[in-house]
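So the structure is just underneath, and the comments pick up after that.
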Amino acid sequence: MDIIIVNDFGYVNGGAANVAISEALELSMRNYRVTFFCGVGPIDPRLTKSNVKTICLNQADILTNPSRLHAATTGIWNRNARRVFSDLLDTHDINNTIIHVHAFAKSLSSSIIYEAQKRGFKVVFHIHDYGLACPNMGFYNYQKHQICQLKPLSIKCLVTNCDSRKYSHKIWRSVRQYVQKYITKFPNNTPYFIALSP
């Protein structure tokens, strides 16, 4: 069994990366063939010392990219990530591979999910936040400091300034969400999810 683990970051910068890296190490110790695919380095030293194959794009995440235009476009649709991921999938058997996605919104974009689903690979998505539905990824109005009850991408949602930064960020996030939902067809075309629970 081949398992491809996908995460924005190749090092521990938060909960999603910690779970993704720990999972890669544990599965490799159980004799699964594991590939760790990420956008932003450096690679955690535990991965480099293990049997896990790592592929890192060595790009900046969308917040630290010095080119705001490049950050905006790759944050919505990362062509390079899709191309490299496509090359990786060329080397894997669709019947013997599971793709476990942890996080893609901060560097990789939903283009990788699009590529995997287009080819018919089994994709499992690990829900670490509300990004599969909510543009600001929190179902929270950061301006009013309250839980958001609006339907994502509805007119009321689009005209509400709920972003933690400014309204222009909300518009950009809504475009990203629209692409994710209507072009990538995520989460509708992804039947497998892992969610935190008691």
Report summary line: In order over region 11-18: 3J(HN,Hα) from phi, Karplus 6.51/-1.76/1.60, θ = phi - 60°, whole Hz, x for each Gly or Pro, gives 9, 7, 10, x, x, 4, 5, 4
Query raised in the report: So, with a 1.4 angstrom probe, what is the percent of accessible area on region 1-86 that is carbon and sulfur?
Result: 55 percent
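What does the net charge come to around P135 if you take all other residues with beta carbon closer than 11 Å to its beta carbon, with K and R at +1 and D and E at -1? List each step's numbers first, then the result.
Values: positive: K170, R173, R176, K181; negative: D163.
Local net charge: +3.
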Query raised in the report: Among N51, L196, S67, whose Cα lies farthest out toward the positive end of the dipole of the chain, if unit charges sit on the beta carbon of Lys, Arg (+1) and Asp, Glu (-1)?
Result: S67
Query - Heavy-atom surface of the chain, accessible at 1.4 Å and reported per residue (Å²) - result: 53 Å²
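First compute the accessible area of region 104-198 with a 1.4 Å probe, then give the percent of it belonging to carbon and sulfur atoms.
58 percent
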Requested in this report: Compute the separation of the alpha-carbon centres of region 99-163 and region 42-66 and state it in Å as a whole number.
Outcome: 22 Å
Report task. Any chance you could list P(r) for the chain, counting all Cα-Cα pairs in 5 angstrom bins from zero, rounded to whole %? Result -> 1, 7, 16, 19, 20, 17, 10, 6, 3, 1, 0
Query - T64 accessible area, 1.4 Å probe, all protein chains in place, Å² to nearest 10 - result: 90 Å²
Report task. Mind putting a number on the dipole of region 1-89 about its Cα centre? Charges go on the C-beta only, +1 for Lys and Arg and -1 for Asp and Glu, and I need it in Debye to the nearest 20. Result -> 180 debye
Query raised in the report: When all protein chains stay in place, what accessible area (Å², nearest 10, 1.4 Å probe) is found for H169?
Result: 60 Å²
**Report entry** FRET efficiency for L63 and L196, using Cβ-Cβ distance with R0 set to 35 Å, rounded to 0.05
**Finding:** 0.90
Query raised in the report: Could you sort V12, V159, V40 by accessible area so the largest value comes first, with the probe set to 1.4 Å?
Result: V159, V12, V40
Report summary line: Counting only residues 5 or more apart in sequence or on a different chain, those whose built amide H sits under 5 Å from that of T54 are F36
Report summary line: In the chain, lysine pairs 8 or more places apart or on different chains with C-alpha atoms under 18 Å apart total 16
Query raised in the report: Excluding T91 itself, what net charge comes from residues whose Cβ is under 15 Å from its Cβ, given Lys and Arg +1 and Asp and Glu -1?
Result: -1
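The values are calculated or read from the model by the stated rules, or taken from the named source; none is laboratory data. In this text the structure is predicted, and so the values were computed from the model without any measurement. Because the Cβ atoms are built from the backbone with ideal geometry, glycine has one as well, and the counts that use them run over all protein chains shown. Surface areas here come from the heavy atoms of the whole protein model, side chains and all, with no ligands, DNA or RNA. Shrake-Rupley method; radii C 1.70, N 1.55, O 1.52, S 1.80 Å.
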